[in-house]
Amino acid sequence: MVWSGGTDGILTPHATIFAKVADAGPPSDEPRLAVGYAMSDVILPEDIGRPAMVEKVAQGVRRAMAEAGIDDPADVHYVQTKTPLLVMETINDAKSRGHTVYTEDPLESMNVSNGTSALGIAVALGEIDMPTAEQIGHDLDLYSSVASCSSGVELDQAQTVVVGNAPGAGGRYRIGHDVMKDALDQEGVYRAIRSAGLDLPERAKPEDLDGRVVNVFVKCEADPTSRLRGRRQVSLDDSDVHHHRHIKGAVGGVVASAVDDAAVFVSVAALHQGPSGGGPVAAIVDVG
């Protein structure tokens, strides 16, 4: 189970469950939704934020692709990971063995772990070359367009779920993806839906979806420049409400408006996940 929640703003509490069922329909050559999962090798506290973690996550993604029966990285449209972050116990463990850690701030390590995991996904899928240690967390031009990464204290491996399309998978569903270039990029949602195989007009509206969108999965963050299409933003300066709450509620409203449904998945802390200030968006549609 990969559990990532939070329903800020108008987002509706819900769960998305992927299950293999016996009556998915006869297999065909048409690519249909396929899901694979895998665990990486153990990620040590000194690995977090460094190339060693990138490589371990990449290996886990390749295992999950094989489990899903997906050979071509282009057929992968969404990768969800859950990875360890740093806490005082693991920080002290690394020090006791003569190692340093990327940061001694557990909250900062969440963002770093997410971003490093995203780079591992990008490497596994051929989106980028192996990054240097200096690029991790700093070179925002490096990102995955399909990554949605979370981290927590409950595991010491990368838990990976790969969602894509594979011939012979059977069933009624397909997945596609694109990126939201910024928090207002509603067209990015419609591009992802088109990528999944639903034909939409150039200027799509919610009624054009005809109830065939199963769910939408989005990763986002407040633009680190504190600008949105030339306008000044203040969420990064708010000392009362964390900017994660601001951006999640705002992007949730944009996406829910696009698909006329507030039961969409929106996650924050999007370092190396989509373009800076934007983020990946994946859509699953019912193709009948």
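The values are calculated or read from the model by the stated rules, or taken from the named source; none is laboratory data. No experiment lies behind these values; they were computed from the predicted model shown. Glycine gets a Cβ as well: all are built from the backbone with ideal geometry, and neighbour counts include every protein chain shown. Ligands, DNA and RNA are stripped out before the accessible areas are found, and what is left, the full protein with its side chains, is counted by its heavy atoms. Shrake-Rupley method; radii C 1.70, N 1.55, O 1.52, S 1.80 Å.
Summary of computed values
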quantity	calculated
Any hit, the range 111-132, residues being modelled with pLDDT under 95, touching a strand residue (DSSP E or B) at 6+ places or on another chain (Cβ under 9 Å) and open to solvent by 50 Å² or more (accessible area, probe 1.4 Å)	yes
Of all residues making up the range 233-267, the number that are open to solvent by 20 Å² or more (accessible area, probe 1.4 Å) and part of a loop (DSSP other than H, G, I, E, B)	11
Subset of the range 16-59 (residues that are under 28 Å from residue 251 (Cβ atoms) and either touching a Gly at 6+ places or on another chain (Cβ under 9 Å) or aromatic (Phe, Trp, Tyr) (or both))	18, 33, 34, 35, 36, 37, 49, 53, 54, 57, 58
Count - residues of the range 43-61 that are assigned to a helix (DSSP H, G or I) and touching a residue at least 12 places away in the same chain (Cβ under 8 Å)	12
Any chance residue 216 is open to solvent by less than 10 Å² (accessible area, probe 1.4 Å), under 19 Å from residue 9 (Cα atoms), assigned to a strand (DSSP E or B) and of a type outside the set (S, T, N, Q)	yes
Residue match in the range 222-230 (condition: of a type outside the set (Val, Ile, Thr) and closer than 18 Å to residue 11 by Cα)	yes
Matching residues in the range 197-222 - criterion: being within 23 Å of the chain's Cα centre (by Cα) and among the charged types (D, E, K, R)	212, 219, 221
Among residues of the range 166-213, those that are within 19 Å of residue 19 (Cα to Cα) and not in a loop (DSSP other than H, G, I, E, B), counted	6
Looking only at the range 75-98, and only at residues there that are touching a residue at least 40 places away in the same chain (Cβ under 8 Å) and hydrophobic (A, V, I, L, M, F, W, C), the one that is nearest to residue 150 (Cα to Cα)	85
Selection count, the range 219-232, where residues are of a type in the set (A, V, I, L, M, F, W, C) and loosely packed, with under 12 Cβ neighbours inside 10 Å	0
Output for the range 62-94, where each listed residue is in a loop (DSSP other than H, G, I, E, B) and either hydrophobic (A, V, I, L, M, F, W, C) or open to solvent by 60 Å² or more (accessible area, probe 1.4 Å) (or both)	70, 71, 72, 85, 86, 87
Close pairs from the range 203-214: first closer than 15 Å to residue 264 by Cβ, partner of a type outside the set (A, V, I, L, M) and open to solvent by 90 Å² or more (accessible area, probe 1.4 Å), Cβ under 6 Å, at least 6 apart	206/260
Some residue of the range 100-113 being among the charged types (D, E, K, R), in contact with a Leu (Cβ under 8 Å, 6 or more places away or on another chain), closer than 23 Å to residue 137 by Cβ and not in a loop (DSSP other than H, G, I, E, B)	no
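Conditions (1) among the charged types (D, E, K, R); (2) surrounded by 23 or more Cβ atoms within 10 Å (Cβ to Cβ), marked per residue:
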site	(1), (2)
144	no, yes
148	no, yes
154	yes, no
157	no, no
165	no, yes
168	no, no
171	no, no
180	no, yes
